[in-house]
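Please treat every number below as a calculation from the coordinates, not as lab data. Because the structure is predicted, anything quoted here is derived from the model rather than measured. With ideal geometry, Cβ positions are generated from the backbone for all residues, glycine too; neighbour counts draw on all protein chains shown.
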Amino acid sequence: MGLFDRLKQGLTRTAQQIAERFDELVRTSDTPEQRTRTIDPDTLDGLEEVLLMADVGVAASQQIVDAVAARPRQGESLRQLVREEILRILTAAATPPVQPATPPRVVLIVGVNGTGKTTTVGKLANQLKREGQAPLICAADTFRAAAVDQLQVWADRAGVDIVRANEGSDPAAVVFDAITAGRSRGRDVVLVDTAGRLHTRSNLMQELEKIRRIASREVPGAPHETLLVLDATVGQNALVQAREFMGVAGVTGIVLTKLDGTAKGGMAVAIAHDLKLPIRYVGVGEGIDDLLPFDPAGYADALFQEKW
């Protein structure tokens, strides 16, 4: 399947929920593409409920409803109006990743345990390799038992080099070794898998700050990206996690995982609206190829894949 088809498949549960609830909200004319009900206050209230159920979030849902209410329809269906407003929010948060003058580009992967952080590193390495880049994985999670072994499995699947150390080693030292190896081997990107952490764990946050210092000392501007991995199935709680990490970890982008296992795919809209952070990748399955680059237009189309 192409990228859009895979994204569409991953968002099926969210799209079905939206379609079912929207069908309760409006009635169709003889032409399925047209909607005959006017946009009255009851319709707007119902629309807000549809968006909230998809975890678009309170603030983003209100903005969409207000924008739809203020726009003349001019032959557009309610579906088209909502899609355009969602695309506007997603596009506003989209920014290109920083590219260093000289490689390697250093990318930190952060998040709490259970979000799919380590598997995301392996999938991202695979994705970058498919794009023609030469990534190297750094196993800087030296605390969790079997974390390095798990990452080794993903590195082998992707056919990508990994720099690892013994359990309990200093993570910053492993990052130093990985950057040195990446430079000597001519690698384009060093992907750093960090230990799962909570913002309240001061020792882990200090460790992360040390990693950042080492990276910046070795490569100007590093880390060039800090990606926070969020689990879409936890809904609005992911926003709470993101806000906490933004204040202490210098997050520059989001990876939204497990979209295929939830009807809360509207989370991407809430993230873009509330956090003003770009979503770099979305996870739509457990396979190594199931991490997709985020495309705002493709995402908006996939949310509205049903003809509602």
Computed over the range 183-284, Kirkwood Rh from alpha-carbon pairs, angstrom: 14.7 Å
In range of the label at Gln206: residues from the range 220-263 whose backbone nitrogen is under 17 Å from the point 7 Å along Cα→Cβ: 248-249
Cα-based Lys proximity count in the chain, under 15 Å, for pairs eight or more positions apart or on separate chains: 5
Where labels lie 7 Å past Cα in the beta-carbon direction, separation of Gln62 and Leu3 in nm: 3.5 nm
Largest-first principal axis extents of the Cα set of the range 170-238 (Å): 42, 25, 19
Read-out semi-axes √(5λ) of the Cα gyration tensor in Å, derived from the coordinates shown; its label in (1) 36, 20, 19; (2) 30, 28, 17; (3) 40, 18, 16: (3)
Cβ-Cβ FRET estimate between Asp177 and Arg144, R0 fixed at 22 Å, reported to 0.05: 0.70
Approximate spin-label separation Val248-Gln99, in nm, with each point projected 7 Å along Cα-to-Cβ: 3.5 nm
Loop-located GluC sites (Glu not before Pro) in the range 206-261 whose Cβ has at most 11 other Cβ within 10 Å (DSSP): none
